[in-house]
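The values are calculated or read from the model by the stated rules, or taken from the named source; none is laboratory data. What you see is a predicted model, and the numbers here were worked out from it, not measured in a lab. FYI the Cβ positions are ideal-geometry reconstructions off the backbone, even for glycines, and counts take in every protein chain you see.
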Amino acid sequence: MKLRTLIVDDEAPARERLRRLLAGNELIELVGEAKDGVEAVEMIEETSPDLVLLDIQMPVLDGFGVIEALREPPAIIFVTAYDEYAIRAFEVNALDYLLKPFSQERLNKAMERAQEELSTGQEFADRIGPLLESLREEKRYTERVAVREPDRILVLDVEEIDWIEARQGQVVVHVGQEEHVLARTLADLEARLDPTLFFRAHRSVIVNLDRVKEIIPWFAGSHKLRLTTGAEVDLSRSRGKALRETLGW
Amino acid sequence: MLSRDDVKRLLVWNPLGALAFGLIAGYFTGDFRYSFAAGLCAIYMIEVLMALLQRFLRPRIQELPRLRKVLIDIGASFLSHFIGIFVGLTLTALLFGYFSIALIFYLLPWALMAPAFHTVQYARMFYRELRETELQEERLKALAAEAELKALKAQINPHFLFNTLNTIAHLTRTDPPRAERTVEKLADIFRYALFSMEKDSVPLQEELGFIQAYLDLEKERFGDRLQVNLSIARDTHSISVPPLILQPLVENALQHGQGPQGEVELELATSLSDDFLEIAIKDQGPGMQTIVAKQPGRGIGLRNVRERLERTYGEQYGLEIGPNEPRGTKVVISIPRGQR
């Protein structure tokens, strides 16, 4: 069985080179090329490829943003010119990656490995959580979050986000009066957000600290946070202690 | 007001000191009571004078050069001990109705000893501070070297290098003449980046030649997504600028000035006023809605540029970052013309 493969890179010469190097490969069937992160998410959802060769540095939505936007990411081989933090994260999680410019041999080896792993049914998706966690340890936080709307993919700057809540198995992102639903867990999202800006206020709430306007004492040592947008969210007692240390109130 | 040590000294050590003095001086003069009283009077007079010094003199000499400050301080301490002793003796004389001249000889060494003790303390403090300054200087030197290395690293962005190598790998097969030109440009860029660092300044024209080559390579990667408008005033060509001062700003514009589809419209303009060369770099990206510090990449590039301008021109430079019309970010550097 051939691996149905998608190429994702914002640079035309890089895509062309990859296409040429893959041309003679019998393990591979190319299903398309995407030239940015948003297009990649769309094409992955449409064509559901077995394997994606994913560039990391791309404008607007980068490679990690693509993975995060997907409900069930396919197997992925990361491609990067230079990114020491990401590379450390890959190594920790034993994920394959290609460093540009890579040789034909190196690419072939990566494809064989992918073939083997996919045939033994190792789930790439299982490694996503740990990967995101490692990226946070490398202080590589996400700058943008992609939201799948019925007719489009919306890319949010994380700084636009006021607060985030887990509600009935979904994650709801609040931006002003708008609500956007993400298909991922609150823990996964938290793993990618800069902890100096985003604070877990409650088991099911993450709040953008820039938006906190008032901290109102509530019952039994808990608090309410009133945001600049007027929204009020709960601050649990234990998290209140942590916030007290962070803000020094 | 008074510390624990002050209280201890005033209530315990001073009376004990006066008692000791009274015993010793009394042994030689044969008048214990008189000696003890003279000791007490002198010691507390000195306390009063020293307190006055602390209150009125020290704040006034705070701003003086250190050596003068310390000399005045020690001198004042000497003087207050002398005056304290004489006033103390006079008080005792008034109290007892007669004056014992012999006591002066026992009290004077004391008057010398206390300020001498001060002097030693000051000397020790000076020495410690000198060592501290030396250490500090060494630390600063190490930091400066590190900063320079970092600046160099930032200028030769590894990401740019490897992506360009990848482009070349592709072009060698598909378009060998273009691959050749790309390699030549990459060589030019690296030569300039490596060797211009040793110079303090280069003519603007050279710096712009480098920027042009850099943008050409970025165009290979960006394709149609990159549009560059240069408007270089002819009379600015020969003005001296620090080497590699523009590259971080151009790179910032390419990275952070991207439109919704990742397209970049970059504008670079130079102009000359009476005193300054002005270089403006504009992009049509999303602009900086929030403070610079929140765009980590942009922050580092800008900080490097600012530090280098400051090192070269002191206060005589400008670096303004603001919104561009109708959208995007505009960075303007002003460099004094004719100076280095």
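Structural remarks
- Neighbours by Cβ (under 8 Å, 6+ apart or cross-chain): first from the range B:72-83, closer than 11 Å to B:MET50 by Cβ; second small (Gly, Ala, Ser): B:SER77/B:ALA114; B:HIS81/B:ALA111; B:HIS81/B:ALA114
- Among the conditions (1) surrounded by fewer than 17 Cβ atoms within 10 Å (Cβ to Cβ); (2) more than 30 Å from B:MET125 (Cβ to Cβ); (3) in contact with a Ser or Thr (Cβ under 7 Å, 6 or more places away or on another chain), B:PHE32 misses just one, which is (3).
- Residue satisfying all of: in the range B:220-275; part of a loop (DSSP other than H, G, I, E, B) and within 14 Å of another protein chain (Cβ to nearest Cβ); nearest to A:PRO59 (Cα to Cα) among these: B:GLY262
- Among the candidates A:ARG113, A:ARG144, the residue that is loosely packed, with under 13 Cβ neighbours inside 10 Å and touching a residue at least 12 places away in the same chain (Cβ under 8 Å) is uniquely A:ARG113.
- Candidates are the residues of the range A:31-57 that are within 13 Å of A:LYS100 (Cβ to Cβ) and among the hydrophobic types (A, V, I, L, M, F, W, C); the one that is surrounded by the most Cβ atoms within 10 Å (Cβ to Cβ) is A:LEU54.
- Evaluation of A:THR229 against the conditions (1) over 30 Å from A:MET43 (Cα atoms); (2) touching a residue at least 40 places away in the same chain (Cβ under 8 Å); (3) buried (at least 17 other Cβ atoms within 10 Å of the Cβ) shows that the sole unmet condition is (3).
- Counting only helices (runs of 4 or more DSSP H) that sit completely within the range A:77-140, those holding 1 or more residues that are in contact with a strand residue (DSSP E or B) (Cβ under 7 Å, 6 or more places away or on another chain) correspond to A:84-92, A:104-119.
- Scanning the range B:94-112 for residues that are hydrophobic (A, V, I, L, M, F, W, C) and either under 16 Å from B:TYR44 (Cβ atoms) or modelled with pLDDT under 80 (or both) returns B:LEU94, B:LEU95, B:ILE101, B:ALA102, B:LEU103, B:ILE104, B:PHE105, B:LEU107, B:LEU108, B:TRP110, B:ALA111, B:LEU112.
- The set of residues from the range A:232-249 being exposed (fewer than 15 other Cβ atoms within 10 Å of the Cβ) and out of contact with any Lys or Arg (no Cβ under 9 Å at 6 or more places or on another chain) comprises A:ARG237, A:SER238, A:LYS241, A:ARG244, A:GLU245, A:THR246, A:LEU247, A:GLY248, A:TRP249.
- Among all positions in the range A:166-180, there is no residue which is touching a residue at least 24 places away in the same chain (Cβ under 8 Å), under 20 Å from A:ILE128 (Cα atoms) and not in a strand (DSSP E or B).
- Matching residues, the range A:58-98, being of a type in the set (Gly, Ala, Ser) and surrounded by 22 or more Cβ atoms within 10 Å (Cβ to Cβ): A:GLY63, A:GLY65, A:ALA69, A:ALA81, A:ALA86, A:ALA89
- Across the range A:23-48, the number of residues qualifying as in contact with a helix residue (DSSP H, G or I) (Cβ under 6 Å, 6 or more places away or on another chain), more than 21 Å from A:VAL60 (Cβ to Cβ) and free of Cβ contacts under 8 Å to residues at least 40 places away in the same chain comes to 1.
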